[in-house]
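As structure tokens, the structure follows; a few thoughts come after it.
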Amino acid sequence: MDNLVISNIRQRPLRSAISVLGVALGVTLVMLFTGLSRGMSDDLQKRSSNVRAEIIFTRPGSMTGATSANLSTKYVDLLKKIEGVESAVPVIRHFYPSGVWGVDQVEGVDWDSFAQMSNIRLIQGRGPKAIDEIVIDETKASRNHPVGSLVKLFGEKDFKVVGIYAPESGARAKLTLEAMQNFLEAPGKCSYILVKCKNCKSQAEQIAVARRINEQLPGNKVQLTGEFFPSIENSIPGLAIFMRILVGLAAVVSALVVMLAMHTTITERTREIGILKAMGASRVYIISEIEREALAISFMGLLVGFALAALAGFGIHKATGLIFEFGGWWALTAAIIGLAGGALGAFYPAARAANLDPVTALAYE
Amino acid sequence: MGIILKAENLEKVYKVGKVDVPALRGVDLTVQEGEFLAVMGPSGCGKSTMLHLLGGLLTPTKGRIIVDGEDLTAASDAKRTDIRRRKIGFVFQRFNLFPTLTAEGNLRLAERIHGNGSDDPDRRREILRMLKLEDKMHHKPLELSGGEQQRVALARAVVNRPAIVLADEPTGNLDTENSALVLKMFRDLNDRLNQTIIMITHNPEAAAACQRIIQMRDGHIV
């Protein structure tokens, strides 16, 4: 053993392990937070993209992240009369508090017309008819919800699963439009109307139909579907800032843990630093030795952090259904945070060690 | 043989609170290349302070130190460290080996600190053979006896061919047998490698092994 860095790390295995875990904690937090945000956002985007309608017709002020049923279903017939419109399907999207994720959503639709427009098919059972019947997608069904089972929605109300559909599209559970109108006490209302165009092959043609709708039914909001279903990051304005703050905090945690560990290390090794100075080690040499040790610890923390994030993501997904998607960019960010946090955290104790008086350090007990 | 070290009118005053405590009061010393010099004197007479000054670990309040042609007192802290790295080897009473490194690791560390081109396996082998440490190189300090540890410390001090070895009571923590052994090693290094050595000691027998003895008292050489 002739490497001071490795031998020092091995000399105090418990302290080294705590330091490694400190860095790993920061890396794990970054990976989990960003992975969850991206996973859920991408999942919603994917489900939204399976809605085959090109245009969404709604009322001004309707929010995408909250329940609203302020649009009259009378518009369905009016829309169908407009040139270029093939079909129009009203939908109520309802958000309600639920489970670990905190919020879930369910849609009220006229199943047959919705399924036809969105090109989704039942792979088991049938469409919902009664007000206490729902159909669910395969992901929700895989969480122990077979056809015939009961699913609680809106708190404690039981709904019977009568069918399972694919591919996933919009909310994972759908009941009849009438049932949802009853539940929300909004007869004749919906959140938005999905509009399928006739032979709209280009976006220019879709825009032309949207313009006609806007001209003939003024005072409403006409949007292309792609604009209507934004990502989670875009629909919650503070989320990106929140994520950055979390990432920053994770970096601070990593840096503080390494700083504390290296500070303790250096206090314990004061006499050894005196010996290094007596041997002619320069300030740069002493700082670089301590930084190398901190970087070695941080690197191990990175590996442990990535492993912990993968394990935790897998476990949480299995237990709750939350989706994690770990991106290379955020992994790189976490790596930079772990290494830079460690290096910065060690710099103050390293500089302090390099400036120790050699005679005082040699006399240290 | 030329002069390897020259100290002129060396003074050192410590500040203890508002009180000035003089440790050295005008020391003049000249050491020839290849000389083995003992420094003796009662505790508190300034021996260790003088050794630390000669090794560039402390700066004098007044006076001048020339080591192998380089003025230690005119040098900046970084330059003093550089001179120490190239020209001085220290041996301490408490051995001061790195406990997490093997004996060989301690020597290699000294070579790394010394810089590129200093890794000289022939030199290392010669030193290890002289100090009878060939079979101890993979042991950590706590696996070695006190005498063996001090021999490793001595090997570490000379492995980079310093101009001067400064030893601060190197036998102070050793029993009689190990003291004799370590002193013999010092003598061998001095005889065979013409190594200049300045050694602080309280032990008259150790001092007797040296070519010259200087006595200190109250911050003066007497």
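Laboratory data are not the source of any read-out in this text; all were calculated from the coordinates shown. Values in this document were obtained by computation on a predicted structure and should not be read as measured data. Don't worry about glycine lacking a Cβ; one is built from the backbone with ideal geometry, like all the others, and counts go over all protein chains shown.
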Describe numerically, in nm with one decimal, the distance between label points set 7 Å from Cα along Cα→Cβ at A:Gln223 and at A:Asp77. 2.8
Segment B:153-219 shape via C-alpha gyration tensor axes, a/c threshold 1.5: oblate
Semi-axes of the equivalent ellipsoid for segment B:96-222, please: Cα gyration tensor eigenvalues, times 5, square-rooted, ordered largest first, whole Å. 25, 17, 14
With a cut-off of 8 Å between alpha carbons and a minimum separation of six or more residues, what is the relative contact order of chain A in percent? 30
Could you work out which residue, out of A:Gly301, A:Gly280, A:Gly338, moves most in a Gaussian network model of chain A, that is, has the largest mean-square fluctuation with Cα springs under 10 Å? A:Gly280
With N set to the residue count of segment A:104-209, report its C-alpha Rg divided by 2.2 N^0.38 Å to two decimal places. 1.16
The set of residues whose placed amide H lies less than 5 Å from the amide H of A:Val85, leaving out same-chain residues fewer than 5 positions away, is A:Lys198
Return, in residue-number order, each cysteine of chain A whose C-beta is not under 4.7 Å from any other cysteine's C-beta. A:Cys190
Tell me what chain A gives for mean residue ellipticity at 222 nm when only DSSP H runs of n ≥ 4 count, each as -39,500 (n - 2.57), the sum divided by the residue total, rounded to 500 deg cm²/dmol. -18000 deg cm²/dmol
Relative contact order (percent) for segment B:1-45, with alpha-carbon contacts under 8 angstrom and 6 or more residues of separation? 42
29 Å Cα-Cα threshold exceeded, pairs from A:Lys160/A:Lys201; A:Lys201/A:Lys318; A:Lys221/A:Lys318; B:Lys87/B:Lys140; A:Lys81/A:Lys157: A:Lys160/A:Lys201; A:Lys201/A:Lys318; A:Lys221/A:Lys318; A:Lys81/A:Lys157
So, with points 7 Å from each Cα along the Cβ direction, the A:Leu260-A:Ile131 label distance in nm works out to 5.8
Dimensions of chain A along principal axes (Cα, Å, largest first)? 93, 45, 33
What aspartates and glutamates could a cross-link reach from A:Lys189, if we take a straight Cα to Cα line under 12 Å and drop same-chain neighbours fewer than 8 places away? A:Glu178
Note, ³J(HN,Hα) from phi for segment A:304-321, Karplus 6.51, -1.76, 1.60, rounded to Hz, x at Gly and Pro: 5, x, 4, 5, 5, 4, 5, 5, 5, x, 5, x, 5, 4, 5, 7, 10, x
Given segment A:255-325, report the % of alpha carbon pairs whose separation exceeds 19 Å. 53
Debye intensity ratio in log₁₀ form over the Cα atoms of segment B:1-155, taken at each q of 0.20 Å⁻¹: -1.28
Here, A:Glu138 and A:Thr360, labelled 7 Å along Cα→Cβ, have an inter-label distance in nm of 7.0
